[in-house]
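Report on the structure given below.
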Amino acid sequence: MSGNAKLLHENLWQADPELMDLVRKEKKRQIQGLEMIASENFTSLSVLQCLSSCLHNKYSEGLPGQRYYGGNEYIDEIELLAQKRALEAYRLNPEEWGCNVQPYSGSPANFAVYTGLIEPHGRIMGLDLPDGGHLTHGFMTATKKISATSIFFESMPYKVDPVTGLIDYDKLEESARIFKPKIIIAGISCYSRCLDYKRFRQIADANGAYMFADMAHISGLVAAGVIPSPFEFADVVSTTTHKSLRGPRAGVIFYRKGVRSVKANGEKVLYDLESKINQAVFPGLQGGPHNHAIAGIATCMLQAQTPEFKEYQVQIIKNARALCDGLLQKGYTISTGGTDVHLVLVDLRPVGITGARAEYVLEEISIACNKNTVPGDKSALNPSGIRLGTPALTTRGLTESDMARVVDFIDRGLQLSKEITAVSGPKLADFKRVLHEDPKLNGKVQALKKEVQDYSEKFPMPGYEEF
Ligand SMILES: Cc1ncc(COP(=O)(O)O)c(C=O)c1O
């Protein structure tokens, strides 16, 4: 092959060995590590095939049947299939709910919801970021508005009780009465308990607010029916599709349709959310839909309706509980005392290890997780906990009995971090230096890393063999 033909038809490993080498390394890292970042998962081969298909090539601005470009007959069918299956996966009546499958991901989906439902500077309440909410639910410091949600809208957070770690619904009710939000968000990135959607609905109704559920983290569990669903109470629901749902990296917005209320005189008031949401996504915020991702949504929503998917979701929760029990038995403190979902939040204050050190040492032994604030933390910049999730490990076939081994690895990693701190003192930079340069301590880290990698490698990994 020569010239342009070469550019077009060579495999990646021939065309760009430098990049291919990095992709192979990443694949190896994924296989050899224990992936415990609660928002991550390993998607299926069929979703990956959608993502690298010809669908990527097509422009299709607009909605099925109303496109700005020609050639969309099959793209229309694919998008309609994705919409239909998304409604089916959550057992929704198409008379009462519709959905938009075009958001590029969770953050654009949430911004489209705010843009569609309320005016600029309209008021929004979400769970505070350090308490387990998401940046897109609004976040600002005393000196700076960090999230676009806080820049373009007015955000006010609600909090968890610093002692129990549970959402303080009474305080939320009180603050909402004063702040009068137009949207109240029920959604989490780091909270290990089911949400009280009914209570959110009551508080929203009392203030004439929309109730918006962001189920990004838990949408696999909701599809499988293993935890309460927000759909009974919410006006709008958004989700990412790549977390517990195990689909492509994308987002979906569900909105209510049909009758919203009936007036005293019998007159029906209809929802008007469909056009508001659709127009906010396009032309409001996005351009051409990512059709390869929309196809991935279609196939993942088909999977989400199978008994095997339900079993998978049941196992995610069993694994999270086994992980939690194992850590409790070793003497660790778990925020809220347990878990109902796919994640646990470990409060490391009683053992005197910072979240940053824990995350660092665990990464050094091939366990991926993230540092996280815990209720009552004084500084969001120096969090005292780690968040551990089970969706990705469960995809690889680990069950409750394997969690004992995982707990053992985590515990040994955290003990090592104490040993390192005893030598390095309090500064993180010194901690990292000692970990790498002290021969005895580094030897221990390397030995434990090898154990973790030998263990992880045994579990199957979906996707392509090498990349
Ligand atoms: C609750 C919640 N909403 C939205 C998002 C944003 O999704 P994305 O990272 O796909 O933009 C996340 C991502 O972590 C999330 O946890």
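The values are calculated or read from the model by the stated rules, or taken from the named source; none is laboratory data. Since the model is a prediction, treat every value here as computed from it, not as a measurement. We place every Cβ from the backbone using ideal geometry, glycine too, and count neighbours over all the protein chains shown. Remember, those area values only see protein heavy atoms, side chains included, never the ligands or the DNA or RNA. Shrake-Rupley method; radii C 1.70, N 1.55, O 1.52, S 1.80 Å.
General remarks:
- Any pair with Cβ under 6 angstrom, 6 or more apart, that starts in segment 132-143 at a residue that is among the aliphatic types (A, V, I, L, M) and ends at one that is more than 8 Å from the ligand (Cβ to nearest atom) and open to solvent by less than 20 Å² (accessible area, probe 1.4 Å): LEU135/SER147; MET140/SER150
- Test for ARG123: is it assigned by the TED database to the domain that holds LYS180, of a type in the set (D, E, K, R), on the phi < 0 side of the Ramachandran plot and open to solvent by less than 60 Å² (accessible area, probe 1.4 Å): no
- Filter result for the condition that a residue is away from the ligand (no atom under 16 Å from the Cβ), part of a loop (DSSP other than H, G, I, E, B) and under 28 Å from MET156 (Cα atoms), over GLU95, GLU119: GLU119
- Taking the conditions (1) loosely packed, with under 13 Cβ neighbours inside 10 Å; (2) under 27 Å from LEU398 (Cα atoms) in turn, PRO17 satisfies each one other than (2).
- Given (1) assigned to a loop (DSSP other than H, G, I, E, B); (2) in contact (Cβ under 8 Å) with a residue 40 or more places away in the chain, number of the condition ALA112 does not satisfy: (1)
- Output for segment 225-245, where each listed residue is part of a loop (DSSP other than H, G, I, E, B), open to solvent by 10 Å² or more (accessible area, probe 1.4 Å) and more than 14 Å from the ligand (Cβ to nearest atom): GLY225, VAL226, ILE227, PRO228, SER229, PHE233
- Of everything listed in (1) farther than 22 Å from GLY376 by Cα; (2) open to solvent by 40 Å² or more (accessible area, probe 1.4 Å), the single unmet condition for ARG193 is (1).
- Entry remark, segment 369-402: residues being more than 30 Å from THR141 (Cβ to Cβ) and surrounded by fewer than 24 Cβ atoms within 10 Å (Cβ to Cβ) number 8 in total.
- Evaluation of SER60 against (1) open to solvent by 30 Å² or more (accessible area, probe 1.4 Å); (2) touching a Gly at 6+ places or on another chain (Cβ under 9 Å) (one fails), failing number: (1)
- Residue match in segment 44-51 (condition: touching a residue at least 40 places away in the same chain (Cβ under 8 Å), within 16 Å of the ligand (Cβ to nearest atom) and open to solvent by less than 20 Å² (accessible area, probe 1.4 Å)): yes
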